[in-house]
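Take a look at the structure set out below.
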């Protein structure tokens, strides 16, 4: 009888991520666990449904491990053919990574079945739990950050993308958080990832950086919408060089009208009411009236008073020696990005 070659390779998450050739990764946790937070790029082949996992877990606690294992096989018995077919679609070369919550029975069972079919399996030691530890570690590493700041409407995100096209390293926090930072930042359509997923996505981006080169990042408060920047990383942002771009107010108003003026009026009014305490009752009333009358430029000018004041307050708390100001017209993205780089390079700042 032909012997089955055991090709299950236990591997740490750090070593798996560092493999020279990417290998498809399967997460066998439930859909609910996967939705809460996953390793970026992972595929979900849930061994149990959300409800089945609860039943198995309850059996484990109340009856015992062996009975829970038997119940697990009863629940999955007819599913194994489907699991293998899904794995073949994900990894047609039959080389695949597998993990569950902490590298226990679920991933072990899937690894065994896939290996039986002929897959070379990389079994993640410690599972997703160890991946989360790896994620937190990324925020504590030192980075050569250069923070791009400026008042609302300065076009910071567009400039960041232009810098990226010039082969500068860039982390787009607002893109990762799916939010533009202000009270209006969801743009009425963006859906933010969970906090856990935001952190996972950010860690994955940080891991791709060359630590010896500067990385541009947009100036942000601690929170972006409902998502919080990890404190160790945010502390680095606060202590890094800030390139403060200054764009004339009317140019900022013009750009913001183009960006926000097309949004639904009820969305804009609802967001304005949420900042009523900070904006003031009278200014809130005037802003809402301007929205209702489609006077978008007037609406923008009113709320900019609040946002500009907030930005200047935060700017005043920074060490002046760590702030470089650059005046730009925001007419030509290429020229503006070039001016910013020339200013930094002329001062011989990383």
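The values are calculated or read from the model by the stated rules, or taken from the named source; none is laboratory data. Computed from a prediction, not measured in an experiment: that's the story for all the values here. Note that we place each Cβ from the backbone using ideal geometry, even for glycine, and neighbour counts take in every protein chain shown.
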Which residue out of 289, 283 is without any contact (Cβ under 8 Å) to a residue 40 or more places away in the chain, exposed (fewer than 15 other Cβ atoms within 10 Å of the Cβ) and in the same structural domain as residue 184 (by TED's automatic domain parsing)?
289
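Those residues that are assigned to a helix (DSSP H, G or I) and surrounded by fewer than 17 Cβ atoms within 10 Å (Cβ to Cβ), I need them from segment 176-203; list them, please.
Scanning segment 176-203 gives 195, 196.
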Looking only at segment 313-323, count how many residues are in a helix (DSSP H, G or I) and either outside the structural domain of residue 259 (by TED's automatic domain parsing) or within 28 Å of the chain's Cα centre (by Cα) (or both).
4
Could you tell me whether any residue of segment 342-350 is under 26 Å from residue 258 (Cβ atoms), surrounded by fewer than 16 Cβ atoms within 10 Å (Cβ to Cβ) and out of contact with any helix residue (DSSP H, G or I) (no Cβ under 7 Å at 6 or more places or on another chain)?
no
Here is a list of conditions, (1) over 19 Å from the mean Cα position of the chain (by Cα); (2) modelled with pLDDT of 95 or more; (3) outside the structural domain of residue 31 (by TED's automatic domain parsing), and residue 111 meets all of them except one; can you say which number that is?
(3)
Looking across segment 103-142 at residues that are in contact (Cβ under 8 Å) with a residue 24 or more places away in the chain and part of a loop (DSSP other than H, G, I, E, B), the single one that is nearest to residue 46 (Cα to Cα) is 103
Does residue 155 meet the test of being in contact with a strand residue (DSSP E or B) (Cβ under 7 Å, 6 or more places away or on another chain), over 23 Å from residue 209 (Cα atoms) and crowded, with 20+ Cβ neighbours inside 10 Å?
no
